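Accompanying notes for the structure given below.
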Amino acid sequence: MLKFSCLLVALGLLCVSCNSEGKTKGLVTDIEPVSKTQLEVRYAALLNYELDSLGFPRSFTKPDLKVRKVPSKDWTSGFFPGNLWQIYKLTGDTNFMERAAKWTAFVEKEKYNNHTHDMGFKVFSSFGEGYKVTKSEAYKTILLESAQTLATRFDAKVGSIRSWDFNADIWEFPVIIDNMMNLELLFEATQLSGDSIYHNIAVEHANTTMKNHFRKDGSTWHVLDYDKTTGAVRARVTHQGVHDNSVWSRGQAWAINGFTMAYRYTNDLKYLERAKATANFFIHHEKMPEDGIPYWDLDHPEIPNISRDVSAAAIIASALVELYNYTNVSAYLDYSKKVVQTLKSSDYILSKDMDTPFILDHSFGDWSKRLEMDEPIVYGDYYFLQTLLRLKEVEQDL
Ligand code: GLY
């Protein structure tokens with residue numbers, strides 16, 4: 001039996017504070033265009049999804065209405081447990097916490113997988129979220145073991161963590177902008193262990209990325225290929241964008257979020273400036289739609305007849321709440337609120353009768369594989385929930 005009373009009480013309290021204080025106007029409490037029940041039904045769909053240690057829900061294929069499941073080695077496996085941890089934090093309903101712990105356990109074997117840089121996505125979104133809630137010593141140990149594995153992919157000559165091992169005939173040492181997100185695991189590992197090695201690797205990686213990955217206008221390339229012997233840049237290309245010099249929206253999102261997070265752990269103002277420059281470029285871009293949900297690539301020649309990317313919007317919305325906290329620039333908070341408002345409308349939130357463990361429609365996965373083009377995708381939900389939590393905190397501070 002589901003317990004949504006906590007959610008109702010929490011949302012109710014927020015609305016009371018909004019009405020009585022009168023100073024939270026325009027914040028998350030004011031932007032509930034779909035009924036609360038619809039969001040609750042979506043949360044319930046995640047809770048009730050059948051446990052499967054080998055099949056994490058990643059996306060929902062629209063033509064045949066099937067859940068696409070992936071094993072724990074997939075870069076997205078940690079997000080589904082992370083969604084349950086976050087819904088627990090939003091609602092206080094312990095059923096979500098119990099379910100989150102069960103799904104999280106299925107990710108553990110990834111702590112020794114050194115074939116990928118995606119350790120942060122997998123382990124920090126699951127065990128990291130769980131650790132924030134439980135402070136479990138067992139989770140802490142797994143986070144540290146995972147950070148040790150990720151650190152083995154660092155190359156001192158290049159000054160970066162290697163992202164991918166595939167396409168070895170084309171790329172010598174590929175580093176993608178997405179990799180900034182995996183640094184959170186390393187920064188956190190130093191805080192948990194007191195060992196500065198993880199923090200130092202993260203800083204080196206962020207500095208190398210800052211130096212080489214950005215264009216003059218503030219946007220970022222997707223893939224940089226480095227010469228392993230000299231550390232020089234061999235190529236600046238794309239893998240998932242429409243062309244090498246295009247503005248692939250999720251890449252910009254990873255950059256904004258990643259550098260805002262790097263500032264959180266270092267207080268280094270150059271990271272803050274980096275995040276601001278890319279955010280300013282992107283949210284004020286002439287091709288950015290009014291509702292704040294970007295096309296999947298802002299340089300696509302067929303705009304406006306291409307799909308949006310809800311995941312990019314949510315990753316940026318979450319980052320910009322944090323960036324607002326550091327800068328007090330209201331445009332950042334305004335963008336985040338606008339995105340949440342849009343995503344809570346019936347155009348984006350899945351209807352109550354959709355039997356699928358997702359919340360939002362219209363994320364864009366991977367153009368290089370022609371995969372998940374305009375579908376519900378698990379990481380769109382993850383950063384949406386993170387944005388809700390961050391907006392709630394901002395409200396409490398005002
Ligand atoms: N590599 C993560 C992404 O597709 O955005």
*Of everything in region 345-398 that's at positive phi and touching a strand residue (DSSP E or B) at 6+ places or on another chain (Cβ under 7 Å), which residue is nearest to the ligand (Cβ to nearest atom)?*
Glu372
*Those residues that are surrounded by fewer than 24 Cβ atoms within 10 Å (Cβ to Cβ) and either without any contact (Cβ under 8 Å) to a residue 40 or more places away in the chain or within 12 Å of the ligand (Cβ to nearest atom) (or both), I need them from region 231-253; list them, please.*
Ala232, Val233, Arg236, Val237, Thr238, His239, Gln240, Asp244
*Among residues of region 275-328, those that are touching a Pro at 6+ places or on another chain (Cβ under 9 Å) and within 16 Å of the ligand (Cβ to nearest atom), counted*: 8
*Within region 268-279, identify whether any single residue is without any contact (Cβ under 8 Å) to a residue 60 or more places away in the chain, of a type outside the set (Ser, Thr, Tyr), closer than 20 Å to Ser330 by Cβ and not in a helix (DSSP H, G or I), and answer yes or no.*
no
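Answer yes or no: is there a residue in region 117-124 that is within 16 Å of the ligand (Cβ to nearest atom), of a type in the set (Gly, Ala, Ser) and assigned to a helix (DSSP H, G or I).
Residues of region 117-124 within 16 Å of the ligand (Cβ to nearest atom): 117-124.
Applying the additional criterion that residues be of a type in the set (Gly, Ala, Ser) yields 120.
Those left that are additionally assigned to a helix (DSSP H, G or I): 120.
The answer is yes, given that some residue of region 117-124 is within 16 Å of the ligand (Cβ to nearest atom), of a type in the set (Gly, Ala, Ser) and assigned to a helix (DSSP H, G or I).
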*Scan region 303-341 for residues that are among the acidic types (Asp, Glu), surrounded by 17 or more Cβ atoms within 10 Å (Cβ to Cβ) and assigned to a helix (DSSP H, G or I) and jot them down.*
Glu322
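Just one of Val133, Val175 is outside any helix (DSSP H, G or I) and modelled with pLDDT of 95 or more; which is it?
Details: Val133 fails: outside any helix (DSSP H, G or I).
The conditions single out Val175.
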*Any idea which of Thr91, Thr76 is within 30 Å of Arg153 (Cα to Cα) and crowded, with 17+ Cβ neighbours inside 10 Å?*
Thr76
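Which is closer than 22 Å to Ile87 by Cβ, of a type outside the set (Asp, Glu) and surrounded by 19 or more Cβ atoms within 10 Å (Cβ to Cβ), of Lys135, Lys122?
Lys122
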*Checking Val158 against (1) within 16 Å of the ligand (Cβ to nearest atom); (2) out of contact with any Pro (no Cβ under 8 Å at 6 or more places or on another chain); (3) under 24 Å from Ala255 (Cα atoms), which single condition isn't satisfied?*
(1)
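Can you tell me which residue is surrounded by the most Cβ atoms within 10 Å (Cβ to Cβ) among those in region 254-267 that are in contact (Cβ under 8 Å) with a residue 24 or more places away in the chain and over 18 Å from Tyr332 (Cα atoms)?
Initial filter on region 254-267 (in contact (Cβ under 8 Å) with a residue 24 or more places away in the chain): 254-266.
Among the residues that remain, those that are also over 18 Å from Tyr332 (Cα atoms) are: 265-266.
Numbers: Tyr265: 19, Thr266: 16.
Checked region 254-267; the qualifying residue surrounded by the most Cβ atoms within 10 Å (Cβ to Cβ) is Tyr265.
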*How many of the residues in region 161-197 are among the hydrophobic types (A, V, I, L, M, F, W, C) and in contact with a Pro (Cβ under 8 Å, 6 or more places away or on another chain)?*
1
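Report yes if some residue within region 87-96 is within 16 Å of the ligand (Cβ to nearest atom) and either over 30 Å from Glu393 (Cβ atoms) or not β-branched (Val, Ile, Thr) (or both); otherwise report no. I'd like the intermediate steps shown before the answer.
Looking only at region 87-96, we keep the residues that are within 16 Å of the ligand (Cβ to nearest atom), and these are none.
Looking through region 87-96, none of the residues is within 16 Å of the ligand (Cβ to nearest atom) and either over 30 Å from Glu393 (Cβ atoms) or not β-branched (Val, Ile, Thr) (or both).
The values are calculated or read from the model by the stated rules, or taken from the named source; none is laboratory data. The structure presented is a predicted model; accordingly, all values stated were derived computationally and were not measured. As a convention, Cβ positions derive from the backbone with ideal geometry for all residues, glycine included, and neighbour counts pool all protein chains shown.
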